[in-house]
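Report on one structure; see the data block that follows.
What follows is calculated from the coordinates using simple rules that are stated; it is not laboratory data. None of the values given here were measured: they were computed from a predicted structure. Heads up, the Cβs are rebuilt from the backbone with ideal geometry, glycines too, and the neighbour counts pull from every protein chain shown.
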Amino acid sequence: MAKMGDDGAGGAGGEQKWPDLSGDIACAASLDAIVRAAPVGMGLVQDHVIRWVNQRFCELVGYTPNELLGRSSRFLYDSEQEFQRVGDVKYRMMGERGSGEVETVLRRADGGTVPVLLSSTYLEPTDPSQGVLFTTQDLSALRRLDEERRRLAEIVERSVDGVSISTVDLEVVYLNRACRELIGVPPGKAFTPMPLSRFLARPEHQEELERALEVVAAEGVLEHGTQLRRLDGETVDVHQVIMAHRDRAGNVTHYSTVMRDLTERRHQEAERERLSAQLLHSQKMEAIGRLAGGVAHDFNNILTAISGFATLARESLRPEDPVSGDIEQVILASGRAAALTKQLLIFSSQQDYSPVCVNLPTVLDDLSRMLSRLLGEHIELDIRSESSELWLQADPHQMEQVIVNLAVNARDAMPKGGRLSIRIAAKQMADEQCTHCSTSLTGDFVEVTVRDTGSGMTSDTLEHLFEPFFTTKERGKGTGLGLSVVRGVVLKSDGHIMVRSELGEGTTFSLLFSRADPTPAVVSRPSTRSRPVGGETILLVEDEPAVRMLAKRMLERIGYRVYEAGDAAGAVTVFDQVNGQVNLLVSDIVLPGKSGLELYRHLLSLKEHLPALFVSGYHEEDLASYGFSSEDLDLLPKPFTGDDLARRVRAALSRLDPPERTDP
């Protein structure tokens, strides 16, 4: 203890006033030990002058005993008003009951402050002049705890989930804002405690509540769904978590409930279903956009040959010839087919799921030509089936979409080329686990395995693979919808999907479907137009033999000399053989090996200002990947007629702006 007589710092205050215990050494030693061990600051003031303090008080305010003893306690307060307030409260309470308590803030030596609870009593109740003993309890931790409680209370009050507190007697004593809104307490109106039974939607829910509380008492928490009755009598579905809170003796003191209005969740589920339909539709748009060019190219080549040769045959007949009418019907039919092909290029619409008994090998066989076009010539496609008949229940159009989406995904994983293999086989399973659906599979299945030699995927990518809008492609290259739609279609077909992949090792998708038993416009005739003729030399490059033969005959019949080739390499050879004596290049854009555009650039390096007319069955947007732009180059879409070809060739040779294109 710091004493005035020990350190000589008594100053004007005189000697320390302390009980004389010198006659009882043991008692004095005990008192000294108690004061030193006290967890609170202690001291003695006489006429507002500090006469004695313990070490804890020095630590609390940051001063040494020499800096405190003999000084007025006023310097520990920030203001005279606070000093007077504390004195007034303290001395009034001491006069009434012998001791007084007041909260205040003391100033520390480092310039900071410390909140304290100041407790005071007279040293000698019969002689107040002997001084006042005081203790100071540091309230900093309590203030922090109060602030933390306030923050937590604010968080609970502002939570988007409803929170309620009930007594063990099942009286609801607190509802946060969300819960008040949930049960219909009018805004601004205080909640009045009421029995929990008031919120039960139906009488039978009383038993349900009792059983729930039994579980909560045993396990501490229960999560379940139920219905509540609002104050206006309406019912609302909620999902709630009930928790029991206990005292140190283990007795339940109250219950708290966190609840969420399922109305919003149901709205979200409805929205999710709507978005799922949009995902499917959007994926159709993307898939059809990618494959329609290849499909249309095949159809347009065929239609070009059909309509072209039919036109040549009609022109060789007299109008009164009976066969002329039959050929006219062929031409009209091919025109209608051309219109349908054009629609395919821009068509994409919602489609309901309509499962039928499907022979999967037939579906793959029908898709093979389209897939080859879709993948491109840099990817080898290998499709095999162990049987010609493997039936399952599915929507054939959506099953095609599944295969196409997986093929597109594989293609994008092999930008430099590779191999895509598709296998179809029957598979018997006996209590085998599906790795992605945690389902035990037993029975006869049809397995579709789609394996590529692409870049593969990381484990993190595999974890998110089927999430909508998840994509590893760069911005603008993919929507992230393909595989989520694949999974959706497979699940709707009561199928299962599994995937294996490693970086650099490619990816394998395995689809399992329950095996099923097999269940066995008028187009007007185009007007006759004057057909331009010529005598120039044309280099014709077309990989489809029938279309090449047709175009050559059309051009030769109106006076042109035509050299032909089936690919870019052959065209260069012919060009060299005729010493470049070519007035016009007429070429398909998509050719085996080099494209028609690459061929044209090469020929321009050999013969400057060589004009060109390009033909293609692909849509212009699909040709953009080959570097084609209709603003710089002239395109004649397939199918075309002899009149179309003659006019466009003449325009190109004349180096005039080509006439406005007209679709057949």
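Other residues within the sphere of radius under 13 Å centred on the Cβ of L392, judged by their own Cβ, net out at -3 (K and R +1, D and E -1). Each pair of Cα atoms in the stretch 42-115 enters the Kirkwood radius, and Stokes-Einstein at 37 °C and 0.692 mPa s then converts it into a translational diffusion coefficient of 255 µm²/s.
Sort 406-418, 220-232 by packing, meaning the average of other beta carbons within 10 Å per residue, with the highest value first.
Top to bottom by mean Cβ count within 10 Å: 406-418, 220-232.
Derived value for the stretch 123-260: Kirkwood hydrodynamic radius 17.6 Å. Basis is the mean of 1/r over every pair of different alpha-carbon atoms.
Distances between every pair of Cα atoms in the stretch 553-613, grouped in 10 Å steps from 0 to the bin holding the largest one, split as 22, 58, 20, 0 percent. For the peptides 459-465, 534-540, the ranking by mean Cβ contacts within 10 Å, running from highest to lowest, is 534-540, 459-465.
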